[in-house]
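The structure appears below as structure tokens.
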Amino acid sequence: MTDLPPDLPRLRTLETWLVLTLERVRRQIEEVERRERERQRGAAARPPAPEWLLEGGRHQRPVFVHLGSCWDGRKRSRGITREEARRALAEGVRACPQCNPDAELRFLD
């Protein structure tokens, strides 16, 4: 017993529909694969996250030194080197109370 139509015209119609549907699915697969390749290429080209952040801006006095992974350090921050982070702490910029970069830098009072 089969659930397919018994006559040739309806079978041909079903075949045409299946071919068209298969083509749509294949195009969609190609599109998703293309987007995934672009995402991977973008992730590979992305510069590494900085290890240290200095919160404040060019027109604003620095407020905190953060670890690069600090959840609170992304606003108005820029990446700095380890030496710049130590220098900022030595010059009186406060260490973030959330991530405690002074402990990581071994720069405790």
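The values are calculated or read from the model by the stated rules, or taken from the named source; none is laboratory data. Owing to the predicted nature of the structure, the values given are computational and were not obtained by experimental measurement. Counting neighbours? That spans all protein chains shown, and the Cβs are built from the backbone with ideal geometry, glycine included. For the accessible areas, the whole protein counts, side chains as well, though only heavy atoms, and no ligand, DNA or RNA atoms are used. Shrake-Rupley method; radii C 1.70, N 1.55, O 1.52, S 1.80 Å.
A value for volume of the Cα convex hull per residue in Å³ was derived from the coordinates, and within the list [x] 185; [y] 139; [z] 170 it appears as [x].
With each label modelled as a point 7 angstrom along the Cα→C-beta vector, the residue 91-residue 15 pair spans 7.8 nm.
Using a probe radius of 1.4 Å on heavy atoms only, what accessible surface per residue do you get for the chain? Whole Å² is fine.
Working: 8990 Å² over 109 residues.
Ligands and nucleic acids excluded, the figure is 83 Å² per residue.
Along the chain, the longest continuous region that contains none of the chymotrypsin sites (Phe, Trp or Tyr not before Pro) in a DSSP loop with at most 16 other C-beta atoms within 10 Å is 1-70. What the Cβ-Cβ distance of residue 41 and residue 81 gives, at R0 = 22 Å and to the nearest 0.05, is a FRET efficiency of 0.20. When all protein chains stay in place and ligands, DNA and RNA are ignored, the 1.4 Å accessible-area order of 29, 80, largest first, is 29, 80. In the context of the full protein assembly, residue 87 retains an accessible surface of approximately 110 Å², using a probe radius of 1.4 Å and ignoring ligands and nucleic acids.
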